[in-house]
1. Taking N as the number of residues in the stretch 238-384, what value does Rg over Cα atoms divided by 2.2 N^0.38 Å take?
2. Using unit Cβ charges (K, R positive; D, E negative) and no other charged atoms, how large, in debye to the nearest 20, is the dipole of the stretch 7-83 about its Cα centre?
3. For the pair residue 294 and residue 182, what calculated FRET efficiency results from E = 1/(1 + (r/R0)^6), where r is the Cβ-Cβ distance and R0 = 35 Å, to the nearest 0.05?
4. Hey, which of these cross-link pairs are over 29 Å Cα-Cα: 27/122; 122/335; 44/336; 48/287; 122/199?
5. Quick one: length gained pulling residue 90 to residue 23 fully straight, 0.36 nm per residue minus the C-alpha distance?
6. Calculate, axis by axis, the spread of Cα positions in the stretch 117-260 along the three principal axes, and write the results as whole Å, longest axis first.
7. In Å³ and rounded to a whole number, note down the convex hull volume per residue for the Cα atoms of the stretch 60-172.
8. In debye, nearest 20: dipole of the chain around its Cα centre with unit charges on the Cβ of K, R (+) and D, E (-)?
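Every number in this text was worked out from the coordinates using simple rules, so none of it is lab data. Note that the coordinates shown come from a computational prediction; the quantities given were computed from them, not determined experimentally. So basically every Cβ, Gly included, is an ideal-geometry build from the backbone, and we count neighbours across all protein chains shown.
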Amino acid sequence: MKNVAILGATGSIGLNTLAVMSLHPEKYNVFALTANNSWREMEKLCIKHMPKFVVMANEGAAESLRKVVPEGVIVLQGEGALNDIASHKNTDFVMAAIVGSAGLSSTFAAVTSGKRVMLANKESLVLGGNLLVAAAKESGAELIPVDSEHSAIFQCLQGGKQGLNKIQLTASGGPFLKTPIAELNKATPKQACAHPKWKMGQKISVDSATMMNKGLEVIEAHFLFQLSSSKIEVVIHPQSIIHSFVYFNDGSVLSQLGLPDMRSAISYALSYPSRQTSGVEELDLTKQTSLEFLSPDMDRFKCLGLAYDALEQGQSSPGTLNAANEVAVDAFLNKKIGFLDISKIIEKTLAIAPISRLDTLASVVENDYLSRQIARSVIEPSLS
Ligand code: NDP
Ligand code: MG
């Protein structure tokens with residue numbers, strides 16, 4: 001029986017993880033659940049799953065939850081408690097599914113304490129990829145990708161990387177793949193979040209619309225599979241049936257297919273190296289009338305180009321890109337800026353922010369903080 005801690009349990013990945021675990025109660029125990037504010041949602045999860053620990057990052061939410069949780073559930077609060085649960089001696093597996101850089105510290109705590117880390121929080125690799133990979137090597141932690149493309153590549157590489165020429169991440173192209181660029185600045189948060197294929201949280205949905213999500217995934221793949229940017233390509237595949245490709249030097253190309261449903265990748269991260277049922281329906285290829293593949297239009301998806309540039313630049317640039325993106329997406333969701341302003345704000349922040357070496361977690365956090373301030377001042381010059 002594996003004790004599982006789900007960081008970000010009330011989110012889209014968190015709830016899907018609970019759904020897969022519920023199919024295999026003899027294998028997995030819901031040891032700990034965490035969230036930020038959503039204590040009412042967490043109350044329901046506590047009644048259903050009876051975790052030993054719950055952490056609410058927000059203290060007020062923890063107080064409200066304490067009054068209503070069933071007896072036996074211990075409610076903790078704050079970021080320190082997130083780290084304590086991620087590294088708890090009785091935690092076996094950690095699902096890192098907090099959104100954004102808020103997930104960095106707890107992901108790091110899980111990695112340094114040698115857990116199986118099922119990594120959905122791609123932002124933590126973008127921010128501190130070198131540190132996380134080195135820490136996993138030292139502690140013996142297993143870093144298992146949950147992002148569907150990276151899970152696909154991980155599955156295709158089970159025979160090893162020998163003869164690998166390149167990988168190709170598939171991208172749906174998001175809701176604005178064919179919208180005339182001139183109309184994009186009128187795009188609303190609701191339209192940007194209406195993803196044609198995947199049901200996800202708001203932040204990653206906007207990232208999919210700008211294709212910054214794929215940009216972050218290129219950086220994630222660089223660290224996970226230790227490949228240079230020249231060996232990581234992106235191809236648009238609107239049907240989201242093929243979840244990525246691995247090209248080998250004998251002319252073979254391996255890929256993993258499946259319906260667009262995160263439970264497959266989550267299930268594999270839990271059961272690796274074996275497999276188990278996930279609740280996902282079997283793919284019927286005769287129902288797929290056509291599978292299309294297109295090169296991304298870099299004028300339309302400027303964020304993708306900015307992510308490649310930041311990866312080439314290295315050092316603090318990917319962290320700066322991520323921070324500026326989080327600030328810009330938040331401003332867009334709060335209707336302070338237009339859709340096309342997102343890439344402009346990131347580009348300006350990258351041009352202003354100093355480039356530095358990030359050798360410690362503290363320096364990663366400091367660069368994140370500084371880059372956020374710069375991005376905010378780019379949005380509202382009166383703040384600078
Ligand atoms: P959601 O927005 O649906 O959920 C986010 C979770 O994180 C919630 O539980 C939320 O709690 C918690 N959270 C938010 N802010 C904080 C904070 N400051 N401190 C602690 N907890 C916090 O996100 P998703 O599930 O869509 O995405 C999670 C991660 O997985 C992201 O990094 C995303 O890129 C990645 N991912 C997601 C995919 C998907 O299909 N959704 C696919 C591939 C990767 P609360 O409810 O209280 O706000
Ligand atoms: Mg993905």
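1. 1.37
2. Using only the charged Cβ atoms, the result is roughly 180 debye.
3. Efficiency, from the Cβ-Cβ distance: 0.95.
4. Distance filter (> 29 Å) returns 44/336; 48/287.
5. 21.9 nm
6. For the stretch 117-260, the Cα spread along each principal axis is 47, 35, 27 Å.
7. Spelled out: Cα convex hull of the stretch 60-172, divided by residues, is 148 Å³.
8. Computed about the Cα centre, the dipole is about 460 debye.
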